Amino acid sequence: MRDPAPWQRKYSYMLAYACLFGLLVQYLFIGRPAGISVFLSVAGFYGLYFYSIKGRLGGFEPWKGQSTAGWLLMVPVGLLALTYGLFANNFFHLLNMIALPLCIVMQTVVLSRNSKHAWYHATFLQDMVRHVISSPITYLPVPFGMLKAWLPSGSNHKDSSWGKVVKVLAGLLLAAPILFIVIGLLASADQIFFSWIAEIPTWFSGLSIGESVGRIVLAVVITLYTFCYMWGLLFPKVIEASHPFDSQKNETAAATEVIVRNKAQLDPITAGTLLVCVNVVYVLFAIIQFSYLFGAADGLLPSGVAYAEYARRGFAELVVVALINVSLLFPGLHWIRSSSPLGEKIRKVLLTLLVTCTIVMLISAYGRLSLYEEAYGFTQTRLLVHGFMIFLGILFILAFFRIWIEKMSMSRAYITTAILAYLVMNYMNLDHRIAINNMERYEKTGVIDLEYLGRLSTDVVPALKELKVKHPELSSVQQTIDRVMSDQKNKTWPSWNLSSYRANR
């Protein structure tokens, strides 16, 4: 049997590395909370990825800037993986269990040039689904075929790789009785060596049969899926319309697309009437906001209205209206039939007015929520709503530029902004910010909800220690710290987390 070619050996090494990756994942995660282990597992995955696609990173780019986008998408992947080792916010840890794999799939597909569609196009989602689900299932027989090829076949396998493995096993069998005798003699001759040997059985004392089976199953599943995913990136099955009569089909599809586009588009007069009616209401509302909201910021609320009533009946509804305006903005940009230059200018002015009024509503909602927080304190939900309103405001500012700059890609701007906003929310250390804001509120009002802070993560402990030093009369602060720390399990090194490390100092 001939030795395998270099490219065949590479695929064998890919399977071996995938097996090592599966063993690494089961060791890092089974029975251990996520910590620095997430970053280590992502680094191990990318080690396998770059080994697999080595030599295939160059070549033709189906769309402009694909290679640059592929490398830039590694930034959110690395930053999201690091959050598990830096912070202890369980809410974002759960969200990142979805966001991190999505970013990894997006980045690996883009960098390996396995999509003819730009990452900010809706059709790119089809390529992601294909590589995540259908390709690994399609290529599942490949690793089993490779394993079968490694097994001996015929009578001339003595000089093959399998024959070498058999010879190694024979050597181990011959060495076993000799080592048994030698180790026994050395252990009786030296007590320190004997203590080391006696420790070996304790390595496996904590393992149960059920846990061992679970670890093996997880390692096998991770190995097979990772290898098949890499194989799908190396040998993609491109699903495209490629038939001898493509030209006729393309002409029919183009004609159909024109008909559908014409049917779907709104008449400019109808759309203009709708926008005028909506904008009249929004302008009146904006005038009221300038007279009441910004006065309320100075403590001048409408007569007979308390903080709670003013805030509760305000910001939630305004955020919903802002989301409704998003549904009006997109048709206004894409689904209104073109008219005369004057009609186009009127359309842009009406859309600009819609965007402006929406931003005023978001400012109003932001102010109302701030009033509520000043009266009742800061929580995770309230700060998340603050961040979401700022995010919506940025999206509407981008929409303003898109109204007047038609060549601007709105989807690319929106997706990029969403990724950046999500990274900012991850790295603003939300629990720590909640503690700091509530401490500042305590300085003004003398009220602080320590019971709520005790339900947060260890990110709040440094701030609580500072509060304890600054206000020793608050005896319950130490109890709050103890309650936060009591939730911490005995963690091993894969679960190391900077937040827990700082809290324990």
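The values are calculated or read from the model by the stated rules, or taken from the named source; none is laboratory data. Bear in mind the structure is a predicted one, so any value in this text is a computation, not a measurement. Note: ideal-geometry Cβ built from the backbone for every residue, glycine included; neighbour counts use all protein chains shown. Just the protein is used for accessible areas: all its heavy atoms, side chains included, with ligands, DNA and RNA removed. Shrake-Rupley method; radii C 1.70, N 1.55, O 1.52, S 1.80 Å.
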### Message
Given the options L72, L80, L57, name the one that is modelled with pLDDT of 95 or more, surrounded by 13 or more Cβ atoms within 10 Å (Cβ to Cβ) and farther than 18 Å from D127 by Cα.
### Response
L80
#### Entry: Elements of type helices (runs of 4 or more DSSP H) contained in segment 409-505, each with 1 or more residues being at pLDDT 85 or above and among the aromatic types (F, W, Y)
410-427, 430-445, 450-453, 498-504
### Task
Read through the list (1) closer than 24 Å to M389 by Cβ; (2) free of Cβ contacts under 8 Å to residues at least 24 places away in the same chain; (3) among the charged types (D, E, K, R), then give the number of the only condition that R441 fails.
(2)
### Summary
Taking segment 375-417 and keeping only residues that are without any contact (Cβ under 8 Å) to a residue 24 or more places away in the chain and among the charged types (D, E, K, R), one is left with R382, E406, K407
### Query
Of these, S340, S364, which one is without any contact (Cβ under 8 Å) to a residue 24 or more places away in the chain and among the hydroxyl-bearing types (S, T, Y)?
S340
### Filter result for the condition that a residue is of a type outside the set (F, W, Y), open to solvent by less than 40 Å² (accessible area, probe 1.4 Å) and in a helix (DSSP H, G or I), over L342, L354
L354
### Task
State which residue pairs qualify: first residue more than 27 Å from F87 (Cβ to Cβ) and inside segment 35-57, second residue in a loop (DSSP other than H, G, I, E, B) in any location, beta carbons under 9 Å apart, and separation of 6 or more residues or different chains.
F50/L57; S52/S112; I53/S112; R56/S112; R56/R113; L57/S112; L57/R113
### Query
Can V321 be described as out of contact with any Pro (no Cβ under 7 Å at 6 or more places or on another chain), under 19 Å from M410 (Cα atoms) and either of a type in the set (S, T, N, Q) or modelled with pLDDT of 75 or more (or both)?
no
### Query
How many of the residues in segment 398-429 are within 23 Å of L369 (Cα to Cα) and open to solvent by 80 Å² or more (accessible area, probe 1.4 Å)?
1
### Query
Take the residues of segment 260-293 that are exposed (fewer than 12 other Cβ atoms within 10 Å of the Cβ) and within 37 Å of the chain's Cα centre (by Cα): which is modelled with the highest pLDDT?
A264
### Complete set of residues in segment 105-124 that are over 22 Å from V42 (Cα atoms), out of contact with any His (no Cβ under 8 Å at 6 or more places or on another chain) and either free of Cβ contacts under 8 Å to residues at least 12 places away in the same chain or open to solvent by 10 Å² or more (accessible area, probe 1.4 Å) (or both)
K116, H117, Y120, H121, A122
## Note on the structure
With criteria (1) open to solvent by less than 60 Å² (accessible area, probe 1.4 Å); (2) within 23 Å of C19 (Cβ to Cβ); (3) aromatic (F, W, Y), F39 comes up short on (1)
### Task
State all residues of segment 434-467 that are open to solvent by less than 20 Å² (accessible area, probe 1.4 Å) and under 24 Å from W496 (Cα atoms); if no residue qualifies, say none.
I434, A435, L453, G454, S457, T458, D459, V460, V461, A463, L464
### Query
When residues of segment 125-151 are filtered for being open to solvent by 90 Å² or more (accessible area, probe 1.4 Å) and outside any loop (DSSP other than H, G, I, E, B), how many remain?
7
